[in-house]
Amino acid sequence: MNMSIAEIFMEISKMDLAAAKCLYKSGLYSQAVFYLQQSVEKAAKSFGLLTGTINENELKGRKVLDIIR
């Protein structure tokens, strides 16, 4: 199966969110927040790619928030 970059970002985002939940339940709050932030960032990249707000070339070396603004 050939997944798009947007789909790959979303799948990794879901894994990061699952890790954040596990870490939170274990009382590792700062680590949980880190993985939650990573999840949100990857979901935002996925959304940007799917909506055409950003393209693959803009992912390299630039922050998504800079592109959206």
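The values are calculated or read from the model by the stated rules, or taken from the named source; none is laboratory data. Quick caveat: nothing in here was measured; it's all calculated off a predicted structure. Virtual Cβ from ideal backbone geometry, glycine too; neighbours counted across all protein chains shown. The area values use the complete protein model at the heavy-atom level, side chains included, leaving out ligands, DNA and RNA. Shrake-Rupley method; radii C 1.70, N 1.55, O 1.52, S 1.80 Å.
Residues in the range 23-55 that are over 26 Å from residue 3 (Cα atoms) and charged (D, E, K, R): how many?
Total meeting the criteria: 1.
Could you please give the count of residues in the range 22-53 that are outside any helix (DSSP H, G or I) and modelled with pLDDT of 95 or more? Lay out the reasoning, then the answer.
Start the filter on the range 22-53 by keeping residues that are outside any helix (DSSP H, G or I), which leaves 26-28, 52-53.
Adding the requirement that they be modelled with pLDDT of 95 or more leaves 26-28.
So the count comes out to 3.
Can you tell me which residues in the range 15-59 are among the small types (Gly, Ala, Ser) and open to solvent by 70 Å² or more (accessible area, probe 1.4 Å)? Please lay out each step first, then the result.
Step one: filter the range 15-59 for residues among the small types (Gly, Ala, Ser), giving 18-20, 26-27, 30, 32, 39, 43-44, 46, 48, 52.
Those that are among the small types (Gly, Ala, Ser) and open to solvent by 70 Å² or more (accessible area, probe 1.4 Å): 26, 30.
Against the condition open to solvent by less than 80 Å² (accessible area, probe 1.4 Å), closer than 20 Å to residue 57 by Cα and out of contact with any Ser or Thr (no Cβ under 9 Å at 6 or more places or on another chain), how does residue 10 come out, does it pass? Please lay out each step first, then the result.
Numbers: open to solvent by less than 80 Å² (accessible area, probe 1.4 Å): yes; closer than 20 Å to residue 57 by Cα: yes; out of contact with any Ser or Thr (no Cβ under 9 Å at 6 or more places or on another chain): no.
No: the conditions fail for residue 10.
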